[in-house]
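Below you'll find the structure, written out as structure tokens, and then a few comments.
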Amino acid sequence: MEASLAIVAYRCEVGGKPSESLDIQVRYFVGKTDAEIKEFLEVEPMQSYSNDRGELVTWPLVGVLAIGEIGPSSNGKEVVGFIEGCRQFVKWARHDS
């Protein structure tokens, strides 16, 4: 079965307002197409919790930035990545996307 890595971005919101935090994750999948991976991530329940001030902290999905198959590799070889401008990171963090 083919394995894939997906790079996924989540924005942190505290009390319903975007914070300055982004969570960029590399997620591992086996036996799924790119479309299945994207659908899985889009319907996955949003992570949320209360912080020490009793505010609701949520991490809504910003987007799936890249998906790439992985296989045998060599030391230091890039297996998956993405390129984006710094302005796009600001949009993601502010919910302007």
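Remarks
- Cβ-Cβ distances below 8 Å connect the following pairs, each with a first residue in the range 73-97 that is under 18 Å from ILE7 (Cβ atoms), a second residue that is among the basic types (Lys, Arg) and at pLDDT 80 or above, and a separation of six or more residues or different chains: TRP92/ARG11; ALA93/ARG11; SER97/LYS91.
- Just one of the listed residues (GLU36, GLU69) is under 17 Å from LEU5 (Cα atoms), surrounded by 11 or more Cβ atoms within 10 Å (Cβ to Cβ), more than 14 Å from the chain's Cα centre (by Cα) and in contact (Cβ under 8 Å) with a residue 60 or more places away in the chain, namely GLU69.
The values are calculated or read from the model by the stated rules, or taken from the named source; none is laboratory data. The shown structure was predicted, so the numbers you read here are calculated from the model rather than taken from an experiment. Don't worry about glycine lacking a Cβ; one is built from the backbone with ideal geometry, like all the others, and counts go over all protein chains shown.
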